[in-house]
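Only one structure is covered here, and it is reproduced in the block below.
The values are calculated or read from the model by the stated rules, or taken from the named source; none is laboratory data. Quantities reported herein were computed from a predicted structural model and do not represent experimental measurements. Cβ placement follows ideal geometry from the backbone for every residue including glycine, while neighbour counts extend to all protein chains displayed.
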Amino acid sequence: MFSSKTTLFFLAILLPITGMNIAFAAGWPTERPIRLIVPTPPGGGADILARGLTEHLSRALKQTVIVENKSGANGMLANTELAKSAPDGYTALLTYTSAIAANFALQKKLPYDTLRDLKPVAEIGAAGTFLAVTTDVPADNLQSLIAWIKNNPAQLSYGSWGIGSGGHLTMEAVKKQAGIDISHVPYRGTAPVLADMASGVLKVAFVDTVAAIPYIKQGKIKALAVSGSRRVPLSPDIPTMAEQGYPFRINSWFAVFVPGHTSDMIVERLNSEINLILRMPEMKERLAQLNMSTGPHRTATEFGNAVKDDIKSYVDNIRMKNIRLD
(Lines give C-alpha, C1' and ligand atoms only; values in the text may rest on other atoms or scores of the structure.)
Protein backbone atom coordinates (compact mmCIF):
# COMPACT_ATOMS: atom_id res chain seq x y z
CA MET A 1 0.00 0.00 0.00
CA PHE A 2 1.14 3.56 -0.69
CA SER A 3 1.80 5.77 2.31
CA SER A 4 -0.16 8.98 2.67
CA LYS A 5 3.00 10.92 1.81
CA THR A 6 3.45 8.92 -1.42
CA THR A 7 -0.19 9.50 -2.35
CA LEU A 8 0.16 13.22 -1.74
CA PHE A 9 3.33 13.25 -3.85
CA PHE A 10 1.54 11.70 -6.86
CA LEU A 11 -1.42 14.00 -6.41
CA ALA A 12 0.92 16.97 -6.39
CA ILE A 13 2.22 15.84 -9.80
CA LEU A 14 -1.10 14.82 -11.34
CA LEU A 15 -3.29 17.73 -10.30
CA PRO A 16 -1.33 20.39 -12.22
CA ILE A 17 -1.32 18.12 -15.31
CA THR A 18 -5.07 17.58 -15.02
CA GLY A 19 -5.55 21.29 -14.53
CA MET A 20 -3.51 22.03 -17.64
CA ASN A 21 -5.56 19.53 -19.68
CA ILE A 22 -8.82 21.12 -18.53
CA ALA A 23 -7.49 24.59 -19.26
CA PHE A 24 -6.32 23.44 -22.71
CA ALA A 25 -9.71 21.90 -23.51
CA ALA A 26 -11.54 24.97 -22.24
CA GLY A 27 -9.49 27.21 -24.56
CA TRP A 28 -9.98 24.98 -27.61
CA PRO A 29 -9.79 25.79 -30.47
CA THR A 30 -7.03 28.35 -30.78
CA GLU A 31 -5.49 29.86 -33.91
CA ARG A 32 -4.88 26.55 -35.65
CA PRO A 33 -6.73 24.72 -38.43
CA ILE A 34 -8.63 21.53 -37.69
CA ARG A 35 -8.17 18.56 -40.03
CA LEU A 36 -11.22 16.51 -40.97
CA ILE A 37 -9.99 13.24 -42.47
CA VAL A 38 -12.29 11.59 -45.01
CA PRO A 39 -11.83 7.94 -46.05
CA THR A 40 -12.93 8.47 -49.67
CA PRO A 41 -11.49 10.27 -52.69
CA PRO A 42 -12.99 13.64 -53.73
CA GLY A 43 -16.50 13.08 -55.06
CA GLY A 44 -17.40 10.22 -52.72
CA GLY A 45 -20.39 10.45 -50.40
CA ALA A 46 -18.35 11.12 -47.26
CA ASP A 47 -16.31 13.77 -49.09
CA ILE A 48 -19.39 15.60 -50.37
CA LEU A 49 -20.95 15.55 -46.91
CA ALA A 50 -17.72 16.64 -45.21
CA ARG A 51 -17.32 19.71 -47.41
CA GLY A 52 -20.85 20.83 -46.58
CA LEU A 53 -20.29 20.28 -42.87
CA THR A 54 -16.92 22.06 -42.69
CA GLU A 55 -18.41 25.25 -44.08
CA HIS A 56 -20.75 25.50 -41.08
CA LEU A 57 -18.32 24.03 -38.56
CA SER A 58 -15.61 26.56 -39.44
CA ARG A 59 -18.02 29.38 -38.67
CA ALA A 60 -19.24 27.78 -35.45
CA LEU A 61 -15.72 27.14 -34.09
CA LYS A 62 -14.24 30.34 -35.58
CA GLN A 63 -11.40 28.23 -36.97
CA THR A 64 -10.67 26.82 -40.38
CA VAL A 65 -11.71 23.19 -40.80
CA ILE A 66 -10.03 21.54 -43.78
CA VAL A 67 -10.91 18.26 -45.49
CA GLU A 68 -8.08 15.78 -45.98
CA ASN A 69 -8.84 12.79 -48.22
CA LYS A 70 -7.17 9.53 -47.23
CA SER A 71 -8.86 6.73 -49.13
CA GLY A 72 -8.20 3.01 -49.27
CA ALA A 73 -8.71 -0.29 -47.44
CA ASN A 74 -12.39 0.45 -46.71
CA GLY A 75 -11.49 3.34 -44.42
CA MET A 76 -8.73 1.57 -42.49
CA LEU A 77 -6.06 4.01 -43.72
CA ALA A 78 -8.11 6.95 -42.48
CA ASN A 79 -8.91 5.18 -39.21
CA THR A 80 -5.22 4.49 -38.64
CA GLU A 81 -4.33 8.11 -39.37
CA LEU A 82 -6.85 9.27 -36.79
CA ALA A 83 -5.78 6.69 -34.19
CA LYS A 84 -2.16 7.85 -34.45
CA SER A 85 -3.03 11.56 -34.24
CA ALA A 86 -2.66 13.61 -31.08
CA PRO A 87 -5.89 13.70 -29.02
CA ASP A 88 -5.87 17.51 -28.98
CA GLY A 89 -9.04 18.32 -30.92
CA TYR A 90 -7.23 19.33 -34.11
CA THR A 91 -7.79 16.07 -35.99
CA ALA A 92 -11.17 14.46 -36.60
CA LEU A 93 -12.61 11.88 -38.97
CA LEU A 94 -15.86 11.83 -40.93
CA THR A 95 -16.50 8.21 -41.81
CA TYR A 96 -19.21 5.61 -42.41
CA THR A 97 -20.53 2.50 -40.69
CA SER A 98 -18.66 -0.25 -42.50
CA ALA A 99 -15.30 1.52 -42.11
CA ILE A 100 -15.76 1.18 -38.35
CA ALA A 101 -17.98 -1.85 -37.79
CA ALA A 102 -17.21 -4.12 -40.75
CA ASN A 103 -13.47 -3.75 -40.35
CA PHE A 104 -13.83 -4.67 -36.68
CA ALA A 105 -15.92 -7.72 -37.59
CA LEU A 106 -13.87 -8.97 -40.55
CA GLN A 107 -10.24 -8.05 -40.04
CA LYS A 108 -8.18 -10.48 -37.98
CA LYS A 109 -5.69 -7.80 -36.99
CA LEU A 110 -6.17 -4.04 -37.16
CA PRO A 111 -3.40 -1.44 -36.72
CA TYR A 112 -5.56 0.25 -34.07
CA ASP A 113 -8.03 -0.64 -31.34
CA THR A 114 -11.47 0.38 -32.63
CA LEU A 115 -13.12 0.90 -29.25
CA ARG A 116 -10.10 2.50 -27.59
CA ASP A 117 -8.53 4.61 -30.36
CA LEU A 118 -11.60 5.90 -32.25
CA LYS A 119 -13.87 8.03 -30.07
CA PRO A 120 -17.42 8.66 -31.36
CA VAL A 121 -18.60 12.29 -31.46
CA ALA A 122 -21.82 12.65 -33.47
CA GLU A 123 -23.89 11.05 -36.21
CA ILE A 124 -24.39 13.29 -39.24
CA GLY A 125 -26.95 11.38 -41.26
CA ALA A 126 -28.11 7.94 -42.34
CA ALA A 127 -28.50 6.29 -45.71
CA GLY A 128 -28.42 2.92 -47.35
CA THR A 129 -26.40 1.89 -50.40
CA PHE A 130 -27.70 1.43 -53.92
CA LEU A 131 -27.35 -1.75 -55.91
CA ALA A 132 -26.86 -0.10 -59.30
CA VAL A 133 -26.38 -1.27 -62.87
CA THR A 134 -25.61 0.41 -66.18
CA THR A 135 -28.64 1.25 -68.30
CA ASP A 136 -27.89 -1.48 -70.85
CA VAL A 137 -28.29 -4.22 -68.23
CA PRO A 138 -31.66 -5.93 -68.87
CA ALA A 139 -32.89 -5.76 -65.29
CA ASP A 140 -35.36 -3.48 -63.54
CA ASN A 141 -35.38 -5.07 -60.08
CA LEU A 142 -33.29 -7.33 -57.89
CA GLN A 143 -34.99 -10.54 -59.01
CA SER A 144 -34.39 -9.88 -62.72
CA LEU A 145 -30.77 -8.90 -62.02
CA ILE A 146 -30.20 -12.20 -60.21
CA ALA A 147 -31.71 -14.09 -63.16
CA TRP A 148 -29.43 -12.19 -65.57
CA ILE A 149 -26.34 -12.95 -63.45
CA LYS A 150 -27.27 -16.66 -63.41
CA ASN A 151 -27.41 -16.61 -67.21
CA ASN A 152 -24.04 -14.84 -67.51
CA PRO A 153 -21.94 -16.32 -64.69
CA ALA A 154 -18.50 -16.06 -66.33
CA GLN A 155 -18.90 -12.61 -67.89
CA LEU A 156 -19.73 -10.43 -64.89
CA SER A 157 -18.13 -8.81 -61.89
CA TYR A 158 -19.41 -6.24 -59.46
CA GLY A 159 -17.69 -3.28 -57.86
CA SER A 160 -17.74 -1.72 -54.40
CA TRP A 161 -15.72 0.89 -52.58
CA GLY A 162 -13.43 -1.69 -51.00
CA ILE A 163 -12.93 -5.09 -49.44
CA GLY A 164 -15.12 -5.33 -46.35
CA SER A 165 -17.21 -2.32 -47.37
CA GLY A 166 -20.96 -2.21 -46.88
CA GLY A 167 -21.43 -2.85 -50.59
CA HIS A 168 -19.11 -5.86 -50.53
CA LEU A 169 -20.84 -7.41 -47.52
CA THR A 170 -24.32 -6.77 -48.88
CA MET A 171 -23.60 -8.38 -52.25
CA GLU A 172 -21.93 -11.35 -50.59
CA ALA A 173 -25.11 -11.79 -48.55
CA VAL A 174 -27.19 -11.64 -51.75
CA LYS A 175 -24.91 -14.21 -53.42
CA LYS A 176 -25.43 -16.64 -50.56
CA GLN A 177 -29.19 -16.11 -50.44
CA ALA A 178 -29.69 -16.28 -54.23
CA GLY A 179 -27.09 -18.92 -55.08
CA ILE A 180 -25.30 -16.78 -57.66
CA ASP A 181 -21.63 -16.37 -58.49
CA ILE A 182 -20.20 -12.98 -59.42
CA SER A 183 -16.67 -11.83 -58.62
CA HIS A 184 -15.84 -8.73 -56.59
CA VAL A 185 -13.71 -5.83 -57.83
CA PRO A 186 -12.70 -3.54 -54.94
CA TYR A 187 -12.10 0.16 -55.65
CA ARG A 188 -10.62 2.93 -53.51
CA GLY A 189 -13.93 4.78 -53.28
CA THR A 190 -17.34 5.31 -54.85
CA ALA A 191 -16.19 7.98 -57.31
CA PRO A 192 -13.96 5.62 -59.36
CA VAL A 193 -16.69 2.95 -59.26
CA LEU A 194 -19.17 5.40 -60.78
CA ALA A 195 -16.61 6.58 -63.35
CA ASP A 196 -16.10 3.01 -64.56
CA MET A 197 -19.85 2.43 -64.67
CA ALA A 198 -20.37 5.61 -66.69
CA SER A 199 -17.70 4.47 -69.20
CA GLY A 200 -19.19 0.97 -69.45
CA VAL A 201 -16.20 -0.81 -67.90
CA LEU A 202 -18.28 -2.02 -64.94
CA LYS A 203 -21.88 -3.19 -65.20
CA VAL A 204 -22.93 -3.89 -61.60
CA ALA A 205 -21.94 -2.18 -58.35
CA PHE A 206 -22.93 -1.10 -54.90
CA VAL A 207 -22.57 2.68 -54.58
CA ASP A 208 -23.48 5.16 -51.88
CA THR A 209 -26.79 6.98 -52.21
CA VAL A 210 -25.08 10.38 -52.19
CA ALA A 211 -22.56 10.30 -55.03
CA ALA A 212 -24.80 8.16 -57.28
CA ILE A 213 -27.64 10.69 -57.67
CA PRO A 214 -26.13 12.77 -60.53
CA TYR A 215 -25.39 9.60 -62.50
CA ILE A 216 -28.95 8.37 -62.01
CA LYS A 217 -30.39 11.74 -63.05
CA GLN A 218 -28.17 11.79 -66.15
CA GLY A 219 -29.36 8.31 -67.12
CA LYS A 220 -25.90 6.75 -66.88
CA ILE A 221 -26.89 4.16 -64.27
CA LYS A 222 -30.08 2.88 -62.66
CA ALA A 223 -30.60 1.82 -59.06
CA LEU A 224 -32.49 -1.42 -58.52
CA ALA A 225 -32.49 -1.66 -54.73
CA VAL A 226 -31.34 0.07 -51.57
CA SER A 227 -29.89 -1.64 -48.53
CA GLY A 228 -30.99 -0.86 -44.99
CA SER A 229 -34.41 -0.81 -43.41
CA ARG A 230 -35.96 2.16 -45.24
CA ARG A 231 -36.13 3.88 -48.61
CA VAL A 232 -34.15 7.07 -49.16
CA PRO A 233 -35.59 10.61 -49.52
CA LEU A 234 -34.74 11.47 -53.15
CA SER A 235 -35.48 7.99 -54.44
CA PRO A 236 -38.68 6.82 -52.72
CA ASP A 237 -39.55 4.66 -55.74
CA ILE A 238 -36.49 2.43 -55.27
CA PRO A 239 -37.50 -0.48 -52.97
CA THR A 240 -35.30 -1.88 -50.24
CA MET A 241 -33.60 -5.22 -50.66
CA ALA A 242 -35.80 -6.64 -47.90
CA GLU A 243 -38.91 -5.58 -49.82
CA GLN A 244 -37.57 -7.62 -52.76
CA GLY A 245 -36.95 -10.72 -50.66
CA TYR A 246 -33.26 -10.29 -49.84
CA PRO A 247 -32.96 -8.67 -46.43
CA PHE A 248 -29.78 -6.94 -45.32
CA ARG A 249 -31.17 -4.44 -42.83
CA ILE A 250 -27.99 -2.91 -41.41
CA ASN A 251 -28.34 0.85 -41.87
CA SER A 252 -25.41 3.03 -42.85
CA TRP A 253 -24.52 6.23 -41.05
CA PHE A 254 -21.97 8.96 -41.61
CA ALA A 255 -20.43 10.24 -38.40
CA VAL A 256 -17.57 12.16 -36.81
CA PHE A 257 -14.91 10.55 -34.63
CA VAL A 258 -11.81 11.91 -32.85
CA PRO A 259 -8.72 10.14 -31.47
CA GLY A 260 -9.19 8.13 -28.30
CA HIS A 261 -8.34 10.02 -25.09
CA THR A 262 -9.51 13.31 -26.57
CA SER A 263 -10.88 15.46 -23.76
CA ASP A 264 -14.59 14.97 -23.04
CA MET A 265 -14.92 18.77 -22.99
CA ILE A 266 -13.75 18.94 -26.62
CA VAL A 267 -15.95 16.01 -27.63
CA GLU A 268 -19.01 17.58 -26.01
CA ARG A 269 -18.31 20.93 -27.67
CA LEU A 270 -17.99 19.27 -31.08
CA ASN A 271 -21.12 17.19 -30.49
CA SER A 272 -23.09 20.28 -29.47
CA GLU A 273 -21.94 22.36 -32.46
CA ILE A 274 -22.60 19.54 -34.95
CA ASN A 275 -26.09 18.90 -33.56
CA LEU A 276 -26.87 22.63 -33.81
CA ILE A 277 -25.69 22.60 -37.44
CA LEU A 278 -27.86 19.57 -38.20
CA ARG A 279 -30.91 21.47 -36.92
CA MET A 280 -30.35 24.30 -39.42
CA PRO A 281 -32.98 24.31 -42.22
CA GLU A 282 -30.27 24.65 -44.88
CA MET A 283 -28.39 21.62 -43.50
CA LYS A 284 -31.58 19.56 -43.35
CA GLU A 285 -32.22 20.52 -46.97
CA ARG A 286 -28.65 19.63 -47.94
CA LEU A 287 -28.95 16.20 -46.33
CA ALA A 288 -32.22 15.62 -48.17
CA GLN A 289 -30.55 16.64 -51.45
CA LEU A 290 -27.79 14.15 -50.67
CA ASN A 291 -30.43 11.43 -50.30
CA MET A 292 -29.82 11.10 -46.57
CA SER A 293 -32.11 11.20 -43.59
CA THR A 294 -31.06 13.20 -40.55
CA GLY A 295 -29.79 11.01 -37.76
CA PRO A 296 -31.08 11.39 -34.20
CA HIS A 297 -29.44 14.29 -32.34
CA ARG A 298 -27.76 12.17 -29.69
CA THR A 299 -25.08 12.98 -27.17
CA ALA A 300 -21.60 11.60 -27.80
CA THR A 301 -22.20 8.93 -25.14
CA GLU A 302 -25.51 7.89 -26.70
CA PHE A 303 -23.94 7.70 -30.15
CA GLY A 304 -21.00 5.75 -28.74
CA ASN A 305 -23.40 3.15 -27.36
CA ALA A 306 -25.12 2.96 -30.78
CA VAL A 307 -21.75 2.34 -32.44
CA LYS A 308 -21.11 -0.59 -30.10
CA ASP A 309 -24.55 -2.00 -30.97
CA ASP A 310 -23.83 -1.63 -34.72
CA ILE A 311 -20.50 -3.41 -34.35
CA LYS A 312 -22.31 -6.30 -32.67
CA SER A 313 -24.89 -6.36 -35.50
CA TYR A 314 -22.12 -6.57 -38.10
CA VAL A 315 -20.38 -9.35 -36.19
CA ASP A 316 -23.65 -11.29 -35.87
CA ASN A 317 -24.60 -10.79 -39.55
CA ILE A 318 -21.18 -11.78 -40.84
CA ARG A 319 -21.08 -14.84 -38.62
CA MET A 320 -24.63 -15.90 -39.51
CA LYS A 321 -24.03 -15.57 -43.26
CA ASN A 322 -20.47 -16.93 -43.01
CA ILE A 323 -19.11 -13.94 -44.96
CA ARG A 324 -15.33 -13.86 -45.32
CA LEU A 325 -12.83 -11.58 -47.01
CA ASP A 326 -11.28 -14.37 -49.09
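Within segment 151-163, is there a residue that is surrounded by fewer than 17 Cβ atoms within 10 Å (Cβ to Cβ), farther than 28 Å from ALA101 by Cα and touching an Asp or Glu at 6+ places or on another chain (Cβ under 8 Å)?
yes
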(request) Those residues that are basic (Lys, Arg) and modelled with pLDDT of 95 or more, I need them from segment 238-269; list them, please. (result) ARG269
(request) Identify, from the list LEU115, LEU142, LEU131, the residue that is within 30 Å of ILE277 (Cβ to Cβ), modelled with pLDDT of 95 or more and of a type in the set (A, V, I, L, M, F, W, C). (result) LEU115
(request) Scan segment 244-279 for residues that are more than 21 Å from VAL232 (Cβ to Cβ) and touching an Asp or Glu at 6+ places or on another chain (Cβ under 7 Å) and jot them down. (result) PRO259, GLY260
(message) Among the residues in segment 270-277, are any at pLDDT below 95 and in contact with a helix residue (DSSP H, G or I) (Cβ under 8 Å, 6 or more places away or on another chain)?
(response) no
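Identify, from the list THR40, THR64, THR80, THR30, the residue that is of a type in the set (Ser, Thr, Tyr), in contact with a Leu (Cβ under 9 Å, 6 or more places away or on another chain) and assigned by TED's automatic domain parsing to the domain that holds LYS119.
Selected residue: THR80, the only one of THR40, THR64, THR80, THR30 that is of a type in the set (Ser, Thr, Tyr), in contact with a Leu (Cβ under 9 Å, 6 or more places away or on another chain) and assigned by TED's automatic domain parsing to the domain that holds LYS119.
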(request) Mind listing whichever residues of segment 190-208 are among the β-branched types (Val, Ile, Thr), more than 10 Å from ILE221 (Cα to Cα) and buried (at least 22 other Cβ atoms within 10 Å of the Cβ)? (result) THR190, VAL193, VAL207
(message) Criterion first (basic (Lys, Arg) and closer than 19 Å to LEU57 by Cβ) does ARG298 satisfy it?
(response) yes
(request) Among the residues of segment 147-180, count how many are modelled with pLDDT of 90 or more and among the charged types (D, E, K, R). (result) 2
